[in-house]
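The values are calculated or read from the model by the stated rules, or taken from the named source; none is laboratory data. On a predicted model such as this, the values are computed, not experimentally measured, just so you know. We place every Cβ from the backbone using ideal geometry, glycine too, and count neighbours over all the protein chains shown.
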Amino acid sequence: MEQLKINNNAEDELIEAAFQDVLNGYLASNHRKKVEIITRAYTFAKKAHKGIRRRSGEPYILHPIAVAKIVSKEIGLGSTSICAALLHDVVEDTDYTVEDIEQHFGKKIAQIVAGLTKISGGIFGDKASAQAENFRKLLLTMSEDIRVVLIKMADRLHNMRTLGSLAPNKQYKIAGETLYIYAPLAHRLGLFAIKTELEDLSFKYEHPEAYQQISDKIKESELHRTEIYKTFSSPIKAKLKEMGLKYEAKARMKSVYSIWNKMEKKHVPFEEIYDIYAMRIIFECEDPTLEKVTCWNIYSIITDLYKLHPDRTRDWISVPKANGYQALHLTVMGPDGNWIEVQIRSRRMDEIAEKGFAAHWKYKIGEGDEESELNVWLRTIKDILDNPEPSAIDFLDTLKLNLFSSEIIVFTPKGELLTLPNNSTVLDVAFELHSQLGLHCIAGKVNHKLVPLSHKLKSGDQVEVLTSQTQTPHREWINFLATAKAKSRLRAALRKEQQPFIEQGKEKFRAFIAKHKLNASNELVTKILGMLHLPNREELYLALGRNEISLDDNVVKSITRNGSQSILSKLFRRKPTEKEIPDKKEEIDTKKTYILKHNENGSNFKIADCCCPIPGDDVMGFIDDDNTVVVHALNCPRALALKASYGPRILSTEWDVETRKFLATIHIEGLDRFGILQELIQMISSHLSIDIRRLNIEAQNEVFSCELSVLIEDSQVATDLCNKVKQINGVKQSIRIH
Ligand code: MN
């Protein structure tokens, strides 16, 4: 009893200190000092969560306090948001209602807490599209009060920081969701620091080994990097001093996640990533009208000292990004012959870059343009919400398009300015202006020259849209549209037009099934879709209705004969033994790690066709409609979507040590010389005793490229093989591809 009391006292002190920390941070900020209401919110929340603990064992109240701290310190919000953060789980987890909150803290705080409660429900629900539905609610609430989403962001960040204490399958789910939805959203809101941390944390849970490896390499190379940075920055610093500027200069590291992303995208090792850090110069500037000219003065100092890369200057000052980001970027040749990026910003621009548009409130300059940019974006979101896609995943993808893309700016003939995602076309502009313009668009004029609908635009283009009343929307258009708005408007129009054909097709399909006495199971439909290369049922019905395809006896033959299959699916075809059949409908426990087994009798899993992982890869399982575990690589885009939408069907998996050989494909490139291929093949097959399944070689002039499929035990063998192949004289690249 005595012991318990002491513990309680120590815990109380800990809680008190954590809250004091939030308060001190708030008092040091530029906000009005409304300490009384914050303290009241804290006392209220503490009482409400009394006796409750988080999974990690710590008192629950520490979570809302931590969220309040992020809201105040990292996002820069004021007392209303701090109170709402402290109270954010009260309505959800205790007996108090929104009315109680309103009575004690007023309407505004109650509204925000209500918004947060609305979007927290069902996050781990059992409904397949719960997450998408939830996200839709989040965005709707957001357009009412942006603070709701900012606090939600802080909540998610703290949950990610403490993710280690959750069960592994929940970790994947939350990490996947974070990467898929919250990180892009943070980016779009301009919360750059939070976005980076969310990505890094998700990455750490999804690919623990890769994360560790890259972190180690960053540490190892630190000394060398510091030295180069010193040599590079000291002449710049000397000149800045001469200029009499008050400034701060630092080397900004790329995040672990973005390094990995680049390695994967460009197929290069860590050592070949040259822009691993950038020099950032942040200068103090009392007079906002002098910011721009100061940036360009610094630019001129640097380009006097170092050679400028001609295509990599980015002026985000004259035209800020839609999320409010402003800075001047340039790339110059460093002392070791590698390019180095330099980012120049004023203190104000830096705060906006780190804390997002919330920082604008701190620097109120008239009716900020940036705020109206954000409003434009919120309107777009509302637009999509008004016309949602029938499928939840499509909906998420459409939205993500808008969250991720970087932007270009084009002009209408009247001089109106449009901000569009990269790769936007003339048709995107047409839809952006009006859906009727989009649906009847026949061509465009870019800088007064006639161009097709699919013409990709560049920043600064002047675009005129040409229409004709006889024009009708085409399905193929979807392939070159870049904006979410245009895609969703086109899809809606097509659906309307296609509906009668789809109905006809459905009827034909029914007749076909009846005629051949088939069972219209999911499996059968999937087989037919695969055979005809169609993505979904709807497309099948449409093609049938339009008489573009027909279902004849040949189709029946090939579906009953078990048609075409990849080598992989043949290897892993489920061959249930007699013993296995009785418990085929065995319940899979999603709370436990599922062991992936494979032996003579078959496997207890299926390899996903989209990413084809092999043992040793970071993977996860997804329970499909037939209760079969399908294994996806963790970084597979399809897996990302599944994680965000079908939480309860996600499994954490582990490869069984006994698992047999798998097929891996390796891409090799090099300079052709006499005998090199023979050397290559000999090395692989005899020296390493590896089983070659397929070899595809193409030679053009002095260069050859080769795709090699081999059967191996695990991914380490593939890595070793790549390294061995690289040692052959003339080979320039050797990597495993997915
Ligand atoms: Mn929470």
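Structure above, values below:
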quantity	calculated
In the range 151-169, residue nearest to the ligand (Cβ to nearest atom) [restricted to those that are within 12 Å of residue 202 (Cα to Cα) and charged (D, E, K, R)]	156
Options 322, 358; residue that is farther than 25 Å from residue 408 by Cβ, at pLDDT below 80 and buried (at least 18 other Cβ atoms within 10 Å of the Cβ)	358
Among the residues listed as 340, 317, 298, 352, the single one being closer than 27 Å to residue 187 by Cβ, within 32 Å of the chain's Cα centre (by Cα) and modelled with pLDDT of 90 or more	340
Flag for residue 182 being within 14 Å of the ligand (Cβ to nearest atom), assigned to a helix (DSSP H, G or I), among the aromatic types (Phe, Trp, Tyr) and modelled with pLDDT under 85	yes
Identity of the residue in the range 25-41, more than 15 Å from the ligand (Cβ to nearest atom) and buried (at least 20 other Cβ atoms within 10 Å of the Cβ), that ends up modelled with the lowest pLDDT	26
Residue check for residue 238: touching an Asp or Glu at 6+ places or on another chain (Cβ under 9 Å) and part of a helix (DSSP H, G or I)	no
Restricting the range 88-108 to residues that are surrounded by 22 or more Cβ atoms within 10 Å (Cβ to Cβ) and more than 12 Å from residue 152 (Cα to Cα), the residue that is farthest from the ligand (Cβ to nearest atom)	101
Any hit, the range 249-259, residues being touching a strand residue (DSSP E or B) at 6+ places or on another chain (Cβ under 7 Å), surrounded by 12 or more Cβ atoms within 10 Å (Cβ to Cβ) and over 30 Å from residue 205 (Cα atoms)	yes
Flag if residue 85 is at pLDDT 90 or above and within 16 Å of the ligand (Cβ to nearest atom)	yes
Meets criteria (part of a loop (DSSP other than H, G, I, E, B) and among the basic types (Lys, Arg)) for residue 414	yes
Residues of the range 14-24 classified as buried (at least 18 other Cβ atoms within 10 Å of the Cβ) and not aliphatic (A, V, I, L, M), total	1
Residue count, the range 52-70 (criterion: closer than 18 Å to residue 26 by Cβ and more than 12 Å from the ligand (Cβ to nearest atom))	1
Candidates 246, 237, filtered to the one that is free of Cβ contacts under 8 Å to residues at least 24 places away in the same chain and of a type in the set (Lys, Arg)	237
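For every residue, the table says whether it meets (1) under 21 Å from residue 331 (Cβ atoms); (2) surrounded by 12 or more Cβ atoms within 10 Å (Cβ to Cβ).
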| site | (1), (2) |
| --- | --- |
| 201 | no, yes |
| 205 | no, yes |
| 212 | no, yes |
| 216 | no, no |
| 220 | no, no |
| 223 | no, no |
| 227 | yes, yes |
| 234 | yes, no |
| 239 | yes, yes |
